Amino acid sequence: MTLADEAESTLEAVTGALPAGGERRLGQVEMARAVADTIEQGGHLVVQAGTGTGKSLAYLVPSVLSGKKVVIATATKALQDQLATKDLPFLRAQLDGGFSFAVLKGRSNYVCLQRVHELQSDSQQLALDGVANDADQEQLERLLEWVDETPDGDRAGLDFEPSSGAWGAVSVGPRECPGRARCPSGDECFAEEARDRAARADVVVVNTHLYGLHIATDAVLADHDVVIIDEAHQLEDIASASLGFELGPNRFRHLARTVRAILDDDELVGALDEAGDRLAQDLGRRSGARLPGDPPPELFEVLDWGRQRVDRVANALRKIPDDIGVDVAARKVRAVQATTALIDEIDRWSGSGDESVAWVEGTTLRVAPIDIAAPLSEKLWSRRPTVLTSATLPTALPDQLGLAGHDPHVLDVGSPFDYETHALLYCAAHLPDPRHPDRDEALHAELESLIVAAGGRTLALFTSRRAMLHAADELGPRLQWRVLTQDELPKPMLIEAFSSEPETSLFATMSFWQGVDVPGPALSLVTIDRLPFPRPDDPLLDARRDRVGPNAFRLIDVPRAATLLAQGAGRLIRSATDTGVVAVLDPRLATTKSYRWAFIEALPPMRRTRDRDEVIGVLNQIRDS
């Protein structure tokens, strides 16, 4: 029996045990067979699996049956949690054990026991610890108490959200951690234990950022046979971030706080703070600017001055004897790691040339490769079979990722949902263009009418925070039902409040365009304020536009916006019985011939209308049913 046959048979058996019943999903079976063939025969699979397909089980079943070590990378925490707490435990129960799985997060997600030991062991050292002194002391005490209770040191197990300062006092990032062998607490390290569990597991769940770091360093994950990348429409952006780096004044300031407890040289430590201040001043003047491939002369002088101070700190650290005490020695090793990483990244920009783009956000310098095709081809596609999947994938994805040259199998298994019967796409063609001065007033009036017709039950998606807050301020007092904004609660609590109070409306921005699953009567209307084109001044996209030339808008901007629009629209129909309306409040979807069909074809096959009265009638009917 082939792996594909075994996967189909097993999938049929386990889906029959699902609480929702055992209805056979042809798209799920087709996808499972394709995944099995890719794992067994090698190669690469790009599969679009619409909402309701059950894609998680479609790739999990052949993965666990294959006997190979599989890494699954997800772009959102919501999907990572779904796999770790629902899908994998369910599948393991159905298969009577049969396989092991683990979740691995970045090192800074775990409490550092060595940091905790240092803070608890010597009150004098604590007084000198610049990182700890910057922390909220009440939160720090709660964290130190929590360490005695946590089984895995994972920040996700906290019952409160610590400030970055408090968590930073009890954790370390990859730039500082010396690893198990060089750390006094290495044998009991939570992060190392998590890596050990991941190394032993048959299936490892990570986030895509962490897998990107593995691609960049070849040092994060144990050897594995297969990679499955879910939510793969985000891979290009995440890989660019992972393969690039950022540099800002806080790197110098954090280093100063780190070494203050072990270097008895106020002038030398103070020079690090001064380097941070100089860098902040220079980058602040350039905020929003795209920079050339090599540092401009003035900025180069600032970075070079700072690098010299970091060099001096590194030399001073190396002169500290190793036998001065366990805790001081551990601090020394971490500080040396941090100084080396900072020097490397200053030097790295100087050698990046035209293959990277640099820009400034606030007072942070960001550097990213313009084209990720080559590193992905070298470090991923040429090494192991891969499966890329999402509910919506741009047709150009294989080209963007350098996968086209590796002859991937491209598949679209559709969706089992009857969109033509259950969903209506409404374009408010009568509204002003988004750039018109009367736009906001007309948009708010339209939103109010639609939400009233739906009886609340609305997820209103916005392309900017300003637009979201303005609409909430205007409509909150005018509507008789509760209006939530994404700022009011943590995301899981917000979704729970929205789901449990059917007449509530939720106003949100980009982080809610995907990963939000609210089936049932609590959601019958999704509104989208405008077509989600990327910013024209996005430095990385701008560099890619320059490379593409005159067709950049068609080849870069339109596909990205169409994919995101489809993700937002996909929040509506989440089960076979859901019904409702997707309202796009941007007339360009109806009137701009050059790209409107690219958007419509990316969306599920919903009925379409420009008739506002028809939409009001449909929403009234759904509300009253």
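Quick check on region 224-273: of everything there that is among the polar types (S, T, N, Q) and crowded, with 18+ Cβ neighbours inside 10 Å, which residue is farthest from ALA58 (Cα to Cα)? Filtering first and then ranking leaves THR258. Taking region 493-521 as the range and being assigned to a loop (DSSP other than H, G, I, E, B), among the aliphatic types (A, V, I, L, M) and under 19 Å from the mean Cα position of the chain (by Cα) as the test, only VAL516 passes. When VAL367 is tested against (1) in the same structural domain as ALA232 (by TED's automatic domain parsing); (2) over 20 Å from VAL71 (Cβ atoms), just one condition goes unmet, and that condition is (1). Of all residues in region 335-347, those satisfying the criterion of being within 20 Å of CYS177 (Cβ to Cβ) and either surrounded by 14 or more Cβ atoms within 10 Å (Cβ to Cβ) or touching a residue at least 24 places away in the same chain (Cβ under 8 Å) (or both) are ALA335, VAL336, GLN337, ALA338, THR339, THR340, ALA341, LEU342, ILE343, GLU345.
Of everything in region 578-617, what is surrounded by 22 or more Cβ atoms within 10 Å (Cβ to Cβ) and farther than 24 Å from ASP440 by Cα? Give them in sequence order. Residues satisfying the conditions are GLY580, PRO604. A single entry from ILE238, ILE262 fulfils the requirement of being part of a helix (DSSP H, G or I) and in contact (Cβ under 8 Å) with a residue 60 or more places away in the chain: ILE238.
Out of all the residues in region 524-539, is one or more of a type in the set (Asp, Glu) and more than 29 Å from ALA429 (Cβ to Cβ)? Taking every residue of region 524-539 in turn, none turns out to be of a type in the set (Asp, Glu) and more than 29 Å from ALA429 (Cβ to Cβ). The set of residues in region 162-176 being within 24 Å of THR217 (Cα to Cα), in a loop (DSSP other than H, G, I, E, B) and modelled with pLDDT under 90 consists of GLY173, PRO174, ARG175, GLU176. Restricting to region 200-213, and then to whatever is out of contact with any Asp or Glu (no Cβ under 9 Å at 6 or more places or on another chain) and in a helix (DSSP H, G or I), can you tell me which residue is surrounded by the fewest Cβ atoms within 10 Å (Cβ to Cβ)? So, considering only residues that are out of contact with any Asp or Glu (no Cβ under 9 Å at 6 or more places or on another chain) and in a helix (DSSP H, G or I), the one surrounded by the fewest Cβ atoms within 10 Å (Cβ to Cβ) is ARG200.
Check every one of the helices (runs of 4 or more DSSP H) wholly within region 55-106 and list those with 1 or more residues that are modelled with pLDDT under 95 and surrounded by fewer than 18 Cβ atoms within 10 Å (Cβ to Cβ).
77-82, 88-94
Can you tell me which residue is surrounded by the most Cβ atoms within 10 Å (Cβ to Cβ) among those in region 526-577 that are among the polar types (S, T, N, Q) and closer than 19 Å to VAL516 by Cβ?
THR527
For first residues located in region 469-486 and farther than 17 Å from GLY455 by Cα, partners that are surrounded by fewer than 16 Cβ atoms within 10 Å (Cβ to Cβ) and hydroxyl-bearing (Ser, Thr, Tyr) and lie 6+ apart or on another chain with Cβ distances below 8 Å form the pairs GLN486/SER511.
How many of the residues in region 156-178 are surrounded by fewer than 19 Cβ atoms within 10 Å (Cβ to Cβ) and either under 26 Å from the mean Cα position of the chain (by Cα) or among the hydrophobic types (A, V, I, L, M, F, W, C) (or both)?
Summing the residues that are surrounded by fewer than 19 Cβ atoms within 10 Å (Cβ to Cβ) and either under 26 Å from the mean Cα position of the chain (by Cα) or among the hydrophobic types (A, V, I, L, M, F, W, C) (or both) in region 156-178 gives 11.
Looking at THR591, THR577, THR609, which one is among the hydroxyl-bearing types (Ser, Thr, Tyr), at pLDDT below 95 and touching a helix residue (DSSP H, G or I) at 6+ places or on another chain (Cβ under 9 Å)? Reasoning before the result, please.
Working: THR591 fails: touching a helix residue (DSSP H, G or I) at 6+ places or on another chain (Cβ under 9 Å); THR609 fails: at pLDDT below 95.
Criteria check complete, one pass: THR577.
Given the condition outside any helix (DSSP H, G or I) and surrounded by fewer than 14 Cβ atoms within 10 Å (Cβ to Cβ), answer yes or no: does some residue in region 274-283 qualify? Looking through region 274-283, none of the residues is outside any helix (DSSP H, G or I) and surrounded by fewer than 14 Cβ atoms within 10 Å (Cβ to Cβ). Total residues in region 507-547 satisfying the condition of being polar (S, T, N, Q) and modelled with pLDDT under 90: the figure is 2. Check whether at least one residue in region 557-567 is outside the structural domain of GLU355 (by TED's automatic domain parsing), over 30 Å from GLN82 (Cα atoms) and in contact (Cβ under 8 Å) with a residue 40 or more places away in the chain, and report yes or no. Among the residues of region 557-567, at least one is outside the structural domain of GLU355 (by TED's automatic domain parsing), over 30 Å from GLN82 (Cα atoms) and in contact (Cβ under 8 Å) with a residue 40 or more places away in the chain, which makes the answer yes.
Taken together, the criteria place GLU231 among residues that are in contact with a strand residue (DSSP E or B) (Cβ under 7 Å, 6 or more places away or on another chain) and of a type in the set (Asp, Glu). In region 30-54, of all residues being hydroxyl-bearing (Ser, Thr, Tyr) and modelled with pLDDT under 95, the one that is farthest from the chain's Cα centre (by Cα) corresponds to THR53. Where strands (runs of 3 or more DSSP E) sit wholly within region 288-397, those with at least 1 residues that are closer than 30 Å to GLY42 by Cα occupy 364-369, 386-390.
The values are calculated or read from the model by the stated rules, or taken from the named source; none is laboratory data. Everything quoted here is computed from the prediction, not taken from an experiment. Please note: Cβ atoms are built from the backbone with ideal geometry, for glycine as well, and neighbour counts cover all protein chains shown.
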